[in-house]
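See structure below.
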Amino acid sequence: MKEFLISQSAEQLTQWCENEGFPKFRARQLLQWIREKLLIEPEKMLNLPETLRQKVKEHFFAPSMSVAEVASSADGVSKLLLELHDGEHIEMAIIPAGDGRVTFCLSTQVGCPVGCRFCASGKNGLKRNLLTGEILEEFLLGCQYLGKRCDNIVFMGIGEGLLNCNELFPALEMLTAPEGFALAPRRITVSTSGYVPGMLKFAGLQKEYNLAVSLHAPDEETRSKIIPDTLRFPIQEILSAVDNYREKAGRMVTLEYTLLAGINDSDAQAEALGRLAYAHHAKVNLIPYNSTGTTFRRPSRERIESFERAARATGAVVTRRIERGSGKNAACGQLRIKAEEKLS
Ligand code: SF4
């Protein structure tokens, strides 16, 4: 398989240029196009000789994927359905905030092996991991669509990112390296369903990335109704890994909590959640469920408000995710599921 132009280091590109008989400074020019001008299509690199552009095209994926569909909602959120080189699809979202900042929500896998029962992305299991170059190209295609760099990145799209550490971590390194895309680690959040071995590895990086853990329930019995057994870790182990992350990375962890009517939305559960968060110095982020055609329902507004009050009364820091990207394709993974259905 071809290599990815976007994930080449300066040393690798210099070596490649030399091997192909081009002077070293051509590698520098290539890197400028990629990292400063956010372009990887060789045909657009007009200060390079035609022979070099041709060679780059032959040797590298530049890019390996294309935008197959865009779905935009009234509040300014755009979702890009991306078609990969092998015909698979993933999604990324571009989420503008009121203050002019823009967040990208990126995927880490094609499908997801965790299979949370309320999620469209886990419906058909895992197809494959995304490669480092593909994760970086998602970012780049998003920048090209937006016309500038994003301010924040959250890895909360399709997949369990911490089951793909080998490809995700080098992508994080390239996104944050001063000679790479130079984003501050604090502007990047990785989300996990509570995959403890991955959380420990992530903490081992000792970088100031943010970690968000999808807890969804304060007790095992409720959690088992939401996340299947295969990749579900005990809550106590997850919370120890949360403590470990805070100590190693120096960042407060966020506990994500999708509110599902009649499942995990009682005041007693809110209090239990608040107590856990408080004890582990974690923040709670409440996410009222966005239907993906499952049997789960979103709680009423009154129930959501009551839950929030009860959790906050424990002293925990509680926020509620502002609903963005509403509309028929709003929930993560729905564009991809539709694309798969069309193909089958
Ligand atoms: S919610 Fe996240 S971890 Fe769970 S199935 Fe969906 S993509 Fe996977």
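The values are calculated or read from the model by the stated rules, or taken from the named source; none is laboratory data. All figures in this text were calculated on a predicted structure; none of them were measured in a lab. Heads up, the Cβs are rebuilt from the backbone with ideal geometry, glycines too, and the neighbour counts pull from every protein chain shown. Note: areas computed on protein heavy atoms with side chains; ligands, DNA, RNA excluded. Shrake-Rupley method; radii C 1.70, N 1.55, O 1.52, S 1.80 Å.
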Straight-line reach from LYS148: which aspartates and glutamates have a Cα under 12 Å away, not including same-chain ones fewer than 8 places off?
GLU36
Is it possible to state the helix-based mean residue ellipticity at 222 nm for the chain, with each DSSP H run of 4+ residues giving -39500 (n - 2.57), the sum divided by total residues, to the nearest 500 deg cm²/dmol? What is it?
-10500 deg cm²/dmol
Nearest 5 is fine: what % of DSSP beta bridges in the chain come out antiparallel, could you say?
45 percent
The range 94-139 to the range 187-201: how many Å between their Cα centroids?
14 Å
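Could you work out the Rg to Rh ratio of the chain, with Rh taken as the Kirkwood radius (inverse of the mean 1/r over all Cα pairs)?
Ratio value, two decimals: 1.00.
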Principal axis extents for the range 116-194, Cα atoms only, whole Å, descending order, please.
39, 25, 21
Full-stretch length increase - LYS148, GLU305 - with 0.36 nm per residue and alpha-carbon distance subtracted
52.8 nm
Students often forget the sequence filter, so: which lysines lie under 17 Å Cα-Cα from LYS57 once same-chain residues fewer than 8 apart are removed?
LYS2, LYS44
Computed over the range 1-129, Kirkwood Rh from alpha-carbon pairs, angstrom
17.1 Å
Most packed first (mean Cβ within 10 Å per residue), the peptides 302-310, 106-114, 189-197, 249-257 order as 106-114, 189-197, 249-257, 302-310
Most to least packed among 273-280, 19-26, 211-218 [average Cβ atoms within 10 Å]
211-218, 273-280, 19-26
Simple spin-label estimate for PHE25/VAL67, 7 Å along Cα→Cβ, in nm, reads 3.5 nm
Working out 0.36 nm times the residue gap between SER9 and GLU179, then minus their Cα-Cα distance, what length gain in nm do you get to one decimal?
60.3 nm
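Per the 1.4 Å probe, what fraction of the accessible area of the chain, in percent, lies on carbon and sulfur atoms?
C and S fraction of accessible area: 51 percent.
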Set of lysines near LYS207 by C-alpha distance (under 18 Å), chain-local residues within fewer than 8 positions excluded
LYS248
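Once fully extended, how much extra length lies between GLU221 and GLN32, figured as 0.36 nm per residue of separation less the alpha-carbon to alpha-carbon distance?
Contour length minus Cα-Cα distance gives 62.7 nm.
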